[in-house]
Every structure is written in C-alpha cells, then in structure tokens.
1. What FRET efficiency would be calculated for the residue pair residue 235, residue 4, taking the C-beta separation as r and a Förster radius of 45 Å, to the nearest 0.05?
2. Can you put 50, 64 in order, fewest other beta carbons within 10 Å first?
3. What FRET efficiency would be calculated for the residue pair residue 216, residue 295, taking the C-beta separation as r and a Förster radius of 25 Å, to the nearest 0.05?
4. Can you give me the Cα centroid spacing of the stretch 257-281 and the stretch 12-43 in angstrom?
5. Taking the number of other C-beta atoms within 10 Å as the exposure measure, put 282, 82, 53 in order starting with the fewest.
6. By counting other Cβ atoms within 10 Å of each Cβ, how are 66, 38, 77, 16 ranked from fewest to most?
7. Describe numerically, in nm with one decimal, the distance between label points set 7 Å from Cα along Cα→Cβ at residue 92 and at residue 55.
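Please treat every number below as a calculation from the coordinates, not as lab data. All values reported here derive from a predicted model rather than from experimental measurement. Cβ coordinates were reconstructed from backbone atoms using ideal geometry, including for glycine residues, and neighbour counts include every protein chain displayed.
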C-alpha cells in the first residue's frame with residue numbers, strides 16, 4: 001500500500017495547496033466593475049473552508065512525507081512545504097493575538113507564495129506527480145507482490161521434494177501407466193533441479209552469458225547489463241541512464257538490481273519515490289534476458 005498512499009496523499013496535498021492559494025488570486029481578479037457573481041460565490045465557499053483545507057494540507061503532506069523515500073525531517077523541499085504549512089496555520093490561528101488585520105495577513109500571504117514556490121520546486125525535483133496510468137500499474141504490481149508475500153509459494157526444497165514424490169508415485173503405479181525408471185539423484189543433480197526451480201518458479205531456462213537491455217524509466221534509454229551463469233542471474237547493473245535527481249533514482253539503482261539477484265526474478269518491489277526508475281530497471285532486465293531464453297516464457301510487467 002506504500003505507493004498508493006504515497007501518490008494519493010501527494011495528489012491531495014497539491015490540490016489543497018492550490019485551493020488555499022487561489023482564494024486571494026480570485027479576489028484580485030474578480031473585483032471592480034467586472035465582478036462575476038459566480039466567481040465570487042466560489043471564492044466565498046473556499047474562504048469558508050479555508051481553515052479545514054489548511055489542516056487537511058498539513059496532515060496529507062505529513063503522511064506523504066512519511067511514506068516517501070526521503071526522511072520526513074530531512075532537508076528537502078517537501079519538508080519545507082510542510083514547514084510553510086505549519087507557519088501558515090500559526091499566522092491564521094494567532095491572528096486575534098496580533099494587532100490589526102495587516103499584522104498577520106501580509107506574512108500569511110507571503111508564506112503562501114513561498115509555499116507555492118517550494119511546492120513547484122519539489123514537484124520538479126521528483127519528476128512531477130505520477131500520472132493515472134503509471135499509478136494504476138504500480139499499484140497493481142504492489143498489490144500482486146503483497147498477495148504473493150501474504151500467501152507465499154512453495155519453497156525451492158519443497159518443490160524439489162514434490163517433484164521427487166511425484167516421480168516415485170508414478171513409478172509405483174507403472175502397471176497402469178507408462179513411466180520412466182526412477183533412480184535416486186545424486187547431490188549435483190538435486191542442486192541443478194533446485195537451482196532451476198528457483199528461477200522464475202521453474203518456468204524459464206536461460207543460456208549463460210552477459211546481456212544488455214534497454215527500457216524507459218523516468219527518462220529514456222535506461223540500460224542494464226545482466227549476467228547469467230548456470231541458469232542463475234548472478235549480476236545486474238545499470239550501465240547508463242537519463243534519470244533525474246540522484247536522491248530518488250539512486251535508491252532504486254542500488255536496491256532493485258540487488259533484489260532481482262536475491263529473488264531470481266525481474267519482478268520485485270519498486271522503491272517508494274522512484275517508481276518509474278524501479279519499473280524501468282525491471283523492464284530493462286526482461287528486455288536483456290529475452291535473447292537468453294532457451295525454453296519457457298519470461299514474466300512481464
């Protein structure tokens with residue numbers, strides 16, 4: 001649920017910030033002889049819910065910060081946006097303690113301007129808000145990964161044992177069905193079965209070698225190198241890319257290749273805050289392994 005909560009709270013934070021800031025702009029635009037009653041009505045409704053939206057902005061921003069890839073109290077523009085939200089709230093709630101309207105409304109407006117600037121820079125540094133299609137695909141993949149973790153799959157040793165038991169059963173019923181004579185496998189054969197069963201749940205057989213794959217991450221032409229030895233992925237590395245902001249994509253480049261090697265499958269969890277890069281690495285690995293396939297079918301994102 002990390003990606004879902006992270007992206008939804010990001011969207012809500014931006015929406016609340018825009019609604020909070022637009023009140024003053026609407027009043028400036030809709031004044032004088034050209035005043036529009038419909039715009040004035042919208043502005044009145046926004047003013048009536050100004051305090052509620054301000055509180056909602058701070059809450060959603062904090063939740064987004066907690067589930068993002070950066071620490072909530074680290075120095076980044078996302079954290080600065082939360083600080084601006086808190087300061088805006090203080091100027092609003094302390095307005096009765098200050099002398100006159102101008103004593104609090106002016107810093108309130110200036111803080112709003114600073115908040116919008118910081119929010120714009122924050123959106124730029126993270127590559128913008130995730131679009132609906134990417135959000136749906138990432139959420140679906142995260143749900144599938146969560147279900148797999150919850151219910152699990154057969155372990156490698158259990159799979160090998162089941163295969164052995166199945167062969168033994170077939171041998172004992174040879175009077176009714178034709179079967180191949182069963183011999184007790186030695187350790188090397190067992191290791192080979194276990195290794196192959198571990199790779200993509202035993203559905204793919206790969207040729208040894210080093211392969212290059214390309215896919216689109218946040219930027220184009222994210223290129224990886226994948227090494228296969230004895231049907232095992234032994235190395236995955238990102239050799240070139242056009243990603244933006246190492247603070248975010250750097251975590252994916254470090255974590256995703258290691259996770260692919262550990263899980264022996266290109267389908268692993270994405271890194272929060274670097275979903276595009278994570279997905280790009282996985283897709284590039286699949287692209288790299290396509291010419292290595294001897295039998296079976298590679299998984300797809």
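1. Using R0 = 45 Å, I get an efficiency of 0.90.
2. Values: 50 14, 64 23.
Starting with the residue having the fewest Cβ neighbours, the order is 50, 64.
3. Computed FRET efficiency for residue 216 and residue 295 comes out at 0.30.
4. Between the Cα centres of the stretch 257-281 and the stretch 12-43 lies a distance of 43 Å.
5. By the 10 Å Cβ count, ascending, the order reads 53, 82, 282.
6. Listing 66, 38, 77, 16 from fewest to most nearby Cβ atoms yields 38, 66, 77, 16.
7. 1.0
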